[in-house]
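Here's the structure, in structure tokens; my notes come after.
The values are calculated or read from the model by the stated rules, or taken from the named source; none is laboratory data. These figures come from a predicted structure and were not determined experimentally. Quick reminder, even Gly has a Cβ in these numbers, built from the backbone with ideal geometry, and neighbours come from all protein chains shown. These area figures cover heavy atoms from the full protein model, side chains too; ligands, DNA and RNA do not enter into them. Shrake-Rupley method; radii C 1.70, N 1.55, O 1.52, S 1.80 Å.
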Amino acid sequence: MKAYETDVLIVGGGGAATASTISAQQAGARTMLAVKGRFGVPGVRGAGATSNPLADFWTIRTVGPKGGFFNPPDTVFGDMLQAGLGMADPALCRIFVDEVAEALSRLQEIGMRFQSKMLATMHANKEAGRTNRIVALQKAVIEETNTYVVEHANLTDLIVEDGRCLGAVGVDDEGRHFAIHSGAVILATGGVGQLFKYSFNPPGNTGDGYAMALRGGARLFNMEFMQQGLATTWPTQAMVMLYEMEEPYRLLNAQGKTFVAGYLPDGVTLEEVSTLKADHWPVSCRDNSVHLDRAIQGEVLAGRGTANDAIFLDLSQAERGFEAELFVKFMASRGLDIKRDLLQVQIHHHTSNGGIRIDADAQTAVAGLFAVGEAAGWQGADRLGGTMLGGSQVFGRRAGRKAARVAAGRPNKKCGQEAIERVVEQIARMRESTGERTLDTFRHDIQRVMWRNLLVEKNAECLSTALEYVERDRDRLAGDLRIRSPFDVALAFEHRNLLDVAEVIARTAMLRTESRGSHVRSDYPDRNDEEWLTNIFAVRQEGELRLQREWINRTCGWDDKPGDIRIRPWG
Ligand SMILES: Cc1cc2nc3c(=O)[nH]c(=O)nc-3n(C[C@H](O)[C@H](O)[C@H](O)COP(=O)(O)OP(=O)(O)OC[C@H]3O[C@@H](n4cnc5c(N)ncnc54)[C@H](O)[C@@H]3O)c2cc1C
């Protein structure tokens, strides 16, 4: 078997991975960056969300006065806690606020140009397609170092012995396994967008980091909180920023009928939900705009959507507010004139707010294991827009520095053969599967089921459907998998991870019998602070998933005030 050795292994190729790699290098470590697919090539497997060419502009939440930006640090900090509705980690939010201006300066030093400062906005430029340039710029820095980059490396499991992470194993695209012995491992594997039929995340984002960390003994938290928002489904995907548009919105089902009114509780008007939606893009039950999102998804699930699982958004009458020039131009390049044509829109999965539990240096509960970017969990029930990219830089830097120190304290990097063999056996079993069901079918079906049952509005019934599906699909994966090519082995491991993460999301969402921020339950529509000011942690013990609740510290700074977020729009 091929084996590598390094001080710090960074798994992933997005903005969190590149920031961590640069930082570990600067701290004197030998670094290896292992990524599935290609490193930093937008639009292909491996690109990650950071380089996924889907958005017209990208933002980093900034603070001032340091760096010349306008939002005072305490306002941003306070709003992060308010948005998190008690669920965000206050200490990590403070670090973000204190360090994001420096992160921006570092990006500027290597060539990043921002178009506006309130939110540092990066217009996706021509060369980069519709992607931001963070990875491209940091990749150029990494290429000047002696970092060993391994592409087409699908990491499948961590090697953990006596509570310490000693490296990882994986398969390449030809189905051959390999091991990487390392002093520390940084998981920068992004989120789990591929669990859902409609998502902004690229094909490689299958929640591998969450699943590997869970199997390795780390804890996940806040996994029930996911960002979701409106985007076109046809002729291409593009985020639709309703807060930039005329309201009230004219939404029509496939029969050309208006329908939102049918989803509104007594006394709530279309004007009200539209006005409230102007405060934020993501789905959130913190205000009545949630009924707009419920209506959009509900109409499609009721069978009254278009063939593209969408409803129509009519912007032909929009006269005020719609200034999203890049969006208009992009739609025109796809043959749609928004003044004449109807848009087909649906709610898409965007990011996971929760993730692997980390401390101030992005360390997990497993010694030598770190998590950064979307793989790490520190945000709450909702989050401010622009905090994911900034957080990847801030915690990437911290993780790289600390991981280099941890690795320096472990001169002998070799791990026990037994741990590797356990994993290799699984790979061999997977490779020899001779069932009927192809991985295309596995992926297609799980995405459809989870999009219907785990996004937007949930209840006990649909969460049970999701959980039953996970159980049945595990059996199918074990007994009826058809491996058609060596690359299928990597995809089969991804599917195992999708199932593990789906179980965590569905079980935490089932346990949380209330609605809070992005977690919307039709059977428990109200927030219930009496019973639910707790974070939910997921751990794997003796092969079983266990959930643990921990009460939040009531003096953390979150304060239950209505109309509580000062920055507008906040998301
Ligand atoms: C269209 C879009 C617009 C967005 N806009 C904003 C914004 O404006 N502001 C903001 O703050 N956030 C935004 N977000 C969210 C933000 O971009 C992501 O949360 C962030 O980029 C995640 O970075 P990351 O490095 O953690 O993960 P990613 O960039 O997703 O990278 C993950 C990497 O890990 C690799 N990988 C995964 N599993 C494995 C494995 N098993 N083995 C090897 N490699 C693996 C992947 O191939 C990929 O290279 C947006 C997201 C999208 C999709």
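A few notes on this one:
- Most to least packed among 25-31, 338-344 [average Cβ atoms within 10 Å]: 25-31, 338-344
- For R357, residues with placed amide H under 5 Å, excluding near neighbours: R219, L220, F221, G377
- Where only alpha carbons of the stretch 21-101 are counted, the Rg and the Dmax (Å): 16.8, 41
- Net charge over other residues, Cβ less than 15 angstrom from the Cβ of G335 (K, R count +1; D, E count -1): +2
- At q = 0.11 Å⁻¹, base-10 log of I(q)/I(0) for the stretch 76-184 (Debye sum, equal scatterers on each alpha carbon): -0.66
- With every protein chain in place, the stretch 177-234: carbon and sulfur % of accessible area (1.4 Å): 54
- Nonlocal amide H pairs with E457, under 5 Å, H built at 1.01 Å: none
- Cα gyration tensor, the stretch 237-308 - rounded (a/c under 1.5), prolate or oblate: oblate
- Sequence ranges 284-292, 6-14, 443-451, 528-536, ranked by mean other-Cβ count within 10 angstrom, highest first: 6-14, 284-292, 443-451, 528-536
- In the stretch 439-483, Rg over Rh equals 1.03, where Rg is the alpha-carbon radius of gyration and Rh the Kirkwood radius from pairwise Cα distances.
- Mean separation of Cα contacts under 8 Å (6+ apart) over length of the chain, as relative contact order %: 22
- With the gyration tensor restricted to C-alpha atoms of the stretch 10-55, the semi-axes of the equivalent ellipsoid amount to 22, 11, 6 Å, longest first.
- Compared with the dominant principal axis of the Cα atoms in the chain, helix 387-408 is inclined by about 10°.
- In the chain, the longest principal axis of the Cα atoms and the axis of helix 15-26 are about 40 degrees apart.
- Taking the longest Cα principal axis of the chain as reference, the axis of helix 290-301 is set at about 80 degrees.
- Residues whose placed amide H lies under 5 Å from that of R527, excluding near-sequence neighbours: S515
- Within the accessible area of the stretch 433-571 (1.4 Å probe), percent carbon and sulfur: 45
- L326-E174 pseudo-label distance in nm [points 7 Å out on the Cα-to-Cβ vector]: 4.0
- Dividing the radius of gyration of the alpha carbons in the stretch 379-488 by their Kirkwood radius gives 1.11 for Rg/Rh.
- Cα point-scatterer Debye curve for the stretch 179-227, base-10 log of I(q)/I(0) at q = 0.18, 0.19, 0.26, 0.27 Å⁻¹: -0.66, -0.72, -1.10, -1.15
- Solvent-accessible area, 1.4 Å probe, carbon plus sulfur percent, for the stretch 1-160: 54
- Note on A460 and R482: the model spin-label points, each 7 Å out from Cα along the C-beta direction, lie 4.0 nm apart.
- ³J(HN,Hα) computed for each position of the stretch 144-149 - Karplus, 6.51 cos²θ - 1.76 cosθ + 1.60, integer Hz, glycine/proline x: 7, 9, 9, 4, 8, 9
- Set the Cα radius of gyration of the stretch 201-290 against 2.2 N^0.38 Å, with N its number of residues, and you get 1.45.
- Per residue accessible area of the chain, 1.4 Å probe, in Å²: 37
- At 1.567 mPa s and 4 °C, Stokes D of the chain from Kirkwood alpha-carbon radius, µm² per second: 55
- Cβ crowding within 10 Å averaged over residues, with 97-110, 44-57 ranked highest first: 44-57, 97-110
- Annotation for E144 and E514: the two label points, set 7 Å from Cα along the Cα-Cβ direction, are 5.0 nm apart.
- Net charge in the neighbourhood of G190 (other residues with Cβ under 13 Å of its Cβ; Lys, Arg +1, Asp, Glu -1) is -1.
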